[in-house]
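Worksheet for the structure shown next.
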Amino acid sequence: MITAFIETASSRLGIAITRDGRLLSELSVPAPGGTQNQLLYPLFEQALSTAGIILSDLNLLATSAGPGSFTGVRNGLVMVQGLAFAQAIPCVAVS
């Protein structure tokens, strides 16, 4: 199972890609003052590329549900739900 984990609830933006529990890619960057929405998808694409997979390879999308910045949490939820719907991939929110 290939899973993408997205963390947007803090002042850092983090993305990890795993296959069967083994880490394939992990990226984390500072995302101060509302820059998460500009950085999120490009960082996600970079994480997929680093892992050597494409979006349709994913079996599960996961994102943080807080606690944390409301706007940050919302950014992660919107992206994960949009990708999950468009690609018919299950998604979960994790506290």
Degrees separating the helix 36-51 axis from the principal Cα axis of the chain, which is the longest one: 20
Return the tail of the calculated pair distribution for the chain, meaning the percent of Cα-Cα pairs more than 18 Å apart. 38
For the range 39-80, what ratio Rg/Rh do Cα atoms give with a Kirkwood hydrodynamic radius? 1.01
Tensor-based shape of the range 56-95 (alpha-carbon gyration tensor, a/c under 1.5 rounded, otherwise prolate or oblate): prolate
Using only the alpha-carbon atoms, how far is helix 70-87 inclined from the longest principal axis of the chain? Give it as 0 to 90 degrees, nearest 10. 30
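Each reported figure results from applying straightforward, stated rules to the coordinates on display, with no laboratory input. The model shown is predicted, which means the values in this text are computed figures rather than measured ones.
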